[in-house]
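Please read the structure below before turning to the comments.
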């Protein structure tokens with residue numbers, strides 16, 4: 001392995017290795033205080049738009065300043081990992097499960113891939129130290145993806161890539177070594193399009209780039225724990241059993257550029273039986289844990305899946 005590379009050569013090799021490992025894209029940004037993003041986050045929290053996700057209000061200083069999270073951080077390496085499925089399982093079934101939950105839990109898959117990338121970096125730079133993050137610590141993933149030039153924040157609040165759309169996970173390596181930083185943030189290519197805002201059944205996107213979690217179907221079906229359906233989503237579930245892709249499905253950048261993932265672990269684990277009432281009603285807790293131990297659906301749990309089905313059944317009775 002070579003040890004006397006320029007910063008540009010080292011950065012180039014790391015980016016190429018990330019793609020070789022299976023990431024869609026890899027970008028580099030200088031560690032800094034996220035002054036532009038901090039007031040937006042503070043206002044969002046003050047307005048209680050995070051709902052029951054109390055953890056979002058924790059460690060605010062670390063969220064906007066990575067050097068407080070990992071001492072000595074100089075570079076944020078951001079990566080994208082495609083999860084777009086080859087088959088849309090919602091088309092011929094009653095209930096709808098979000099595309100990101102078709103396969104295995106991305107936290108473990110992506111963390112393993114990032115650890116492989118970090119090991120490669122440490123072979124290039126023996127003195128390098130880094131820490132891997134995949135949606136499990138106070139890191140503003142979307143902000144760093146934008147800072148690294150990987151996309152822009154769309155009107156639905158998701159990072160959108162001109163080349164890849166938005167059906168991807170975001171992860172980071174916080175590194176104590178200086179690399180060649182990507183020149184600038186990506187241009188916002190949403191233009192005058194408001195399809196995601198117009199199509200959201202609950203009007204959770206209350207302003208461009210601002211989403212009220214309390215009205216979001218993903219939040220309601222996964223994070224929200226009460227048995228009683230919120231008034232803001234009553235009659236507007238659109239057959240969503242777990243998560244929601246409505247605002248992404250309508251996005252022109254996804255319609256144009258989303259391509260099926262090559263990551264084997266994200267291929268569907270769930271079959272058509274998962275979309276029927278009888279299947280979930282007859283499933284025991286033990287069988288649920290056995291079948292879905294490696295699935296994102298475990299986050300909700302069987303009790304909550306059944307609660308969602310009750311909501312959906314009540315809604316469809318009203319519609320009928």
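The values are calculated or read from the model by the stated rules, or taken from the named source; none is laboratory data. Since this is a predicted model, take the numbers as computed values, not measurements. Glycine also receives a Cβ, built like all others from the backbone with ideal geometry; neighbour counts cover every protein chain displayed.
When residues in segment 176-196 are screened for being surrounded by fewer than 18 Cβ atoms within 10 Å (Cβ to Cβ), touching a helix residue (DSSP H, G or I) at 6+ places or on another chain (Cβ under 9 Å) and over 30 Å from residue 5 (Cβ atoms), 3 of them pass. Among the residues of segment 117-145, just one is in contact with a helix residue (DSSP H, G or I) (Cβ under 9 Å, 6 or more places away or on another chain), assigned to a helix (DSSP H, G or I) and more than 15 Å from residue 175 (Cβ to Cβ), namely 143. Scanning for something within 23 Å of residue 274 (Cα to Cα), in a loop (DSSP other than H, G, I, E, B), modelled with pLDDT under 95 and touching a helix residue (DSSP H, G or I) at 6+ places or on another chain (Cβ under 8 Å), does segment 238-252 turn up at least one residue? Scanning segment 238-252, I find at least one residue that is within 23 Å of residue 274 (Cα to Cα), in a loop (DSSP other than H, G, I, E, B), modelled with pLDDT under 95 and touching a helix residue (DSSP H, G or I) at 6+ places or on another chain (Cβ under 8 Å), so the answer is yes.
Looking across 157, 171, 149, one residue alone is in contact (Cβ under 8 Å) with a residue 12 or more places away in the chain, closer than 19 Å to residue 99 by Cα, assigned to a loop (DSSP other than H, G, I, E, B) and touching a strand residue (DSSP E or B) at 6+ places or on another chain (Cβ under 6 Å). It is 157.
Within the set 237, 241, the sole residue that is in contact with a strand residue (DSSP E or B) (Cβ under 7 Å, 6 or more places away or on another chain), surrounded by 15 or more Cβ atoms within 10 Å (Cβ to Cβ) and farther than 30 Å from residue 20 by Cα turns out to be 241. Take the conditions at pLDDT 95 or above, touching a strand residue (DSSP E or B) at 6+ places or on another chain (Cβ under 8 Å) and surrounded by fewer than 21 Cβ atoms within 10 Å (Cβ to Cβ) and apply them to residue 256. Does it pass? Here the answer is yes, as residue 256 does meet what is asked.
Selection over segment 253-280 of residues that are touching a residue at least 12 places away in the same chain (Cβ under 8 Å), in a loop (DSSP other than H, G, I, E, B) and over 25 Å from residue 113 (Cα atoms) gives a count of 1. A count restricted to segment 197-226 and to residues that are farther than 25 Å from residue 39 by Cα, touching a helix residue (DSSP H, G or I) at 6+ places or on another chain (Cβ under 6 Å) and assigned to a loop (DSSP other than H, G, I, E, B) stands at 2. Note on segment 205-234: among residues that are closer than 25 Å to residue 279 by Cβ and in contact with a strand residue (DSSP E or B) (Cβ under 7 Å, 6 or more places away or on another chain), the one that is surrounded by the fewest Cβ atoms within 10 Å (Cβ to Cβ) is 222. Residue count for segment 46-62, restricted to those that are part of a helix (DSSP H, G or I) and either surrounded by 14 or more Cβ atoms within 10 Å (Cβ to Cβ) or in contact (Cβ under 8 Å) with a residue 40 or more places away in the chain (or both): 4. Take residue 67 and decide whether it is surrounded by fewer than 18 Cβ atoms within 10 Å (Cβ to Cβ) and either modelled with pLDDT under 95 or touching a helix residue (DSSP H, G or I) at 6+ places or on another chain (Cβ under 7 Å) (or both). Here the answer is yes, as residue 67 does meet what is asked.
Please verify whether segment 80-100 includes one or more residues that are closer than 22 Å to residue 297 by Cβ, part of a helix (DSSP H, G or I) and in contact (Cβ under 8 Å) with a residue 60 or more places away in the chain.
yes
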